[in-house]
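A short write-up of the structure that comes next.
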Amino acid sequence: MAAGDIKYVFRYTERIRPSSPTPQNLRSHKLSLLDQLINCLYAPLLTFYDNSSGDHDHNQLKKSFSRTLSYVYPLAGRLKDGKTIDCNDEGADFVVAQVENKMSEVIQYPRLDRLRMLFPCNPYPEVVDSTLPLLAVQVTRFSCGGSAVAICIWHGLADAAGAYGLLGTWAAINLGQDYNTIWDMHENTRNLVVDTSTTFVPTDLLSSLTALTDRNQVMVAKKYITKRFVFLGSTVNAIRDGYTQPEHRPSRVVALAAFLWAAVIRATREADQDFKTHTLTMSVDLRKRFNPPFPTYCLGSINQVVGARWERGGDGKESAVAVDGGVLIGKVREAISKIDDNYIQKMHIEGGYLKELMAISNSLSVDKKHNKGLNISSWCKVPFYEVDFGWGKPRWISTILVLKDLGIFMDMDDGGVEVWLGLPQGIMSSLERDEQFLAHLSYSQTVWDYNLHSVMKSKL
C-alpha cells in the first residue's frame, strides 16, 4: 500500500436526528443575504486526534452529536427554498469508519485526494435540493488508535466561526457539560441560532438554490497547484516588526496578508508580463463589528468581503518585482478597518453590498488578461485547536476546499500561521523562486498538483 493511500476496513452511514424535537415556533429559519451568497457548497473541516489520552469512544460521540443537534437545529433541517431552512429534524448524516492506515502516514502525506476519502460527502454537490442534509460527519479510526473527525457543514449556515460553534458545543456535551454553561467563558455567545435576515436582507435575485453553484470550479482547479506554507511564530513576528509604524503594529493576519499579496504580485508579474492591476479580497467576520455584537460563534455565514487594489504606475514604469508588503500594508489595513457598525449598516441599505461585490467581480472578469486577483480567508483566532472530545486537543487540522486564487490562514501552536494556497502552475512556480518569500518561509509541501494527481477530478 502506497504511503498515504486510504484503505477501509469498514464504513457505514446512519441518519442522526436531534435528541429533542424542535419547537413549532422555531421550525422556519430565514437565510440572510450573506448566507445566500455562499449557499451552494459545504465547508469541509478535518481534525486529527492521537490516542495519547486512551481509547476513543465513537458510540458516545454519536449520542452527544444527537444532543448537539437539538441546539443547532437548523443543521438538522433541509433547504426549503433560496431564503428559508425548514427545521424539520430530518437529521444529519453520521459516518463511522475504520481504516488500515496509521494516522501519522496520512498526516505526513496530506494529499487532497487522500484527505477527501476521510470525509462523509462531496463538498461540491452536483444537485442542491430539499433532500440534501445540511450537515454530515465522518469519524474514522486509524490502526494506531487515533481518530479523524471530518465535518461537511452547509456554508450558508456556517462560516469558520459558526463551524467552531458546532464543534465546540459538541465537544463540551461529549465531555458531559451542560449546554447553558458551555459558552459562559465567551461573552454574548450562548445563543448559537440567531436571525440575521433583518440586518442582511435576502434578495429574490438569489432565490434559486442552484443559482450560485459553480459547476466549473473543480474543472478549472485542475489547472492549479495547491501548497501548504508554514510560517513559524518567530517569522510572523519578524514580518509584523518589518511593517510596524509608530504606535501601530499590524496584526498577524494583516501583516501576513500584505506579505503574501506582494509575493503573489511579484510572481504574477514574472509569469505574466501583461497584467496591470491586482486585487486582494478578504473575508472579514462581522460578529464583533456590530453594536451590539452578534454571538461570537453563532451559526450563519456572517462575513463580508473587502477589497484592496494595486495598480502599476500610469507611466508603465513601475515593476511588480519591486513590490513588497510595506507598500501594501496600508491598503490591507484600510480595507479592513473601515468595516464598523455604521459602514455595515450603510452598505446593506438598498442592496449596496451586492452592488459592490458585482463591481469587484466585474473588474476581475471584464479584462482577465490585465486584471488578476487573490482572495484570503483567515481562520486565525477561531480556536479549532481547542476542540477536545475527551481525547485531548487536535494534533492537526486541514480542509479539502478547492483553492482557486485562494489562500486560507490557519493558526499554529507557536503563534505561527499555516497557509494553504492555490495558484495557477506558472505563478506558483514563480512564487517558489521568490527570494523575499522564501527568506521567511519555514516549510512547504504540495497537497495538490493536477499534473501528478489527475484522479482528483473524480474524487472531488
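Worth a mention:
One line per residue, one yes/no per condition, for (1) modelled with pLDDT under 95; (2) among the charged types (D, E, K, R); (3) out of contact with any Cys (no Cβ under 7 Å at 6 or more places or on another chain):
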site: SER207; (1), (2), (3): yes, no, yes
site: ALA211; (1), (2), (3): yes, no, yes
site: ASN216; (1), (2), (3): yes, no, yes
site: VAL220; (1), (2), (3): yes, no, yes
site: ARG228; (1), (2), (3): no, yes, yes
site: THR244; (1), (2), (3): yes, no, yes
site: VAL264; (1), (2), (3): no, no, yes
site: GLN273; (1), (2), (3): yes, no, yes
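- Hey, ASP413 assigned by TED's automatic domain parsing to the domain that holds PHE437, at pLDDT 85 or above and in contact with a helix residue (DSSP H, G or I) (Cβ under 6 Å, 6 or more places away or on another chain) or not: no
- Hits in the stretch 66-124 (condition: under 22 Å from ARG141 (Cβ atoms) and assigned to a strand (DSSP E or B)): ALA92, ASP93, PHE94, VAL95, VAL96, ALA97, GLN98, VAL99
- Remark: pairs (first residue in the stretch 386-402, within 23 Å of ARG116 (Cα to Cα); second residue of a type in the set (Lys, Arg) and surrounded by 18 or more Cβ atoms within 10 Å (Cβ to Cβ); Cβ separation under 6 Å; 6+ apart in sequence or on different chains) = ILE400/ARG116.
- Of everything listed in (1) touching a Ser or Thr at 6+ places or on another chain (Cβ under 9 Å); (2) among the aromatic types (Phe, Trp, Tyr); (3) modelled with pLDDT under 95, the single unmet condition for PHE384 is (3).
- All of (1) in a loop (DSSP other than H, G, I, E, B); (2) under 26 Å from the mean Cα position of the chain (by Cα) hold for HIS29 with one exception: (1).
- Pairs with Cβ under 9 Å, 6+ apart, first in the stretch 16-34 and surrounded by fewer than 18 Cβ atoms within 10 Å (Cβ to Cβ), second part of a strand (DSSP E or B): ARG17/ALA92; ARG27/ASP86; SER28/LYS80; SER28/THR84; SER28/ILE85; SER28/ASP86; LYS30/THR84; LYS30/ILE85
- Answer residue from the stretch 78-120, given it is more than 30 Å from PRO202 (Cβ to Cβ) and of a type in the set (Gly, Ala, Ser) and is modelled with the lowest pLDDT among those: SER104
- Of everything in the stretch 440-460 that is buried (at least 19 other Cβ atoms within 10 Å of the Cβ) and of a type in the set (A, V, I, L, M), the residue that is modelled with the highest pLDDT is VAL447.
- Only one of VAL128, VAL149, VAL137 that is over 18 Å from the mean Cα position of the chain (by Cα) and either modelled with pLDDT of 95 or more or not assigned by TED's automatic domain parsing to the domain that holds GLU386 (or both): VAL128
- Taken residue by residue, the stretch 22-38 has at least one member that is within 30 Å of SER147 (Cβ to Cβ), at pLDDT below 95 and among the aliphatic types (A, V, I, L, M).
- Selection from the stretch 418-443 of residues that are out of contact with any Ser or Thr (no Cβ under 8 Å at 6 or more places or on another chain) and over 30 Å from PHE384 (Cα atoms): GLN425, GLY426, SER429, ARG433, ASP434, GLU435, GLN436
- On inspection, SER66 does not qualify as at pLDDT below 95 and either hydroxyl-bearing (Ser, Thr, Tyr) or assigned by TED's automatic domain parsing to the domain that holds ILE400 (or both).
- Residue satisfying all of: in the stretch 35-54; in contact with a Gly (Cβ under 7 Å, 6 or more places away or on another chain) and not aromatic (Phe, Trp, Tyr); nearest to LEU134 (Cα to Cα) among these: ASN39
- Single residue of the stretch 360-381 satisfying the filter (among the aliphatic types (A, V, I, L, M) and at pLDDT below 75) that is nearest to ALA271 (Cα to Cα): LEU364
- Test: residue in the stretch 298-321 that is of a type outside the set (Phe, Trp, Tyr), assigned to a helix (DSSP H, G or I) and either surrounded by 18 or more Cβ atoms within 10 Å (Cβ to Cβ) or over 23 Å from the mean Cα position of the chain (by Cα) (or both): yes
- Against the test of being assigned by TED's automatic domain parsing to the domain that holds ALA308, buried (at least 21 other Cβ atoms within 10 Å of the Cβ) and basic (Lys, Arg), the options ARG269, ARG249, ARG289 yield a single qualifying residue, ARG269.
- Residues that are buried (at least 19 other Cβ atoms within 10 Å of the Cβ) and either assigned to a loop (DSSP other than H, G, I, E, B) or of a type in the set (D, E, K, R) (or both), drawn from the stretch 406-439: ASP411, GLY416, GLU418
The values are calculated or read from the model by the stated rules, or taken from the named source; none is laboratory data. Source: prediction; values computed, not measured. All Cβ positions, glycine included, derive from the backbone under ideal geometry; neighbour counts span all protein chains shown.
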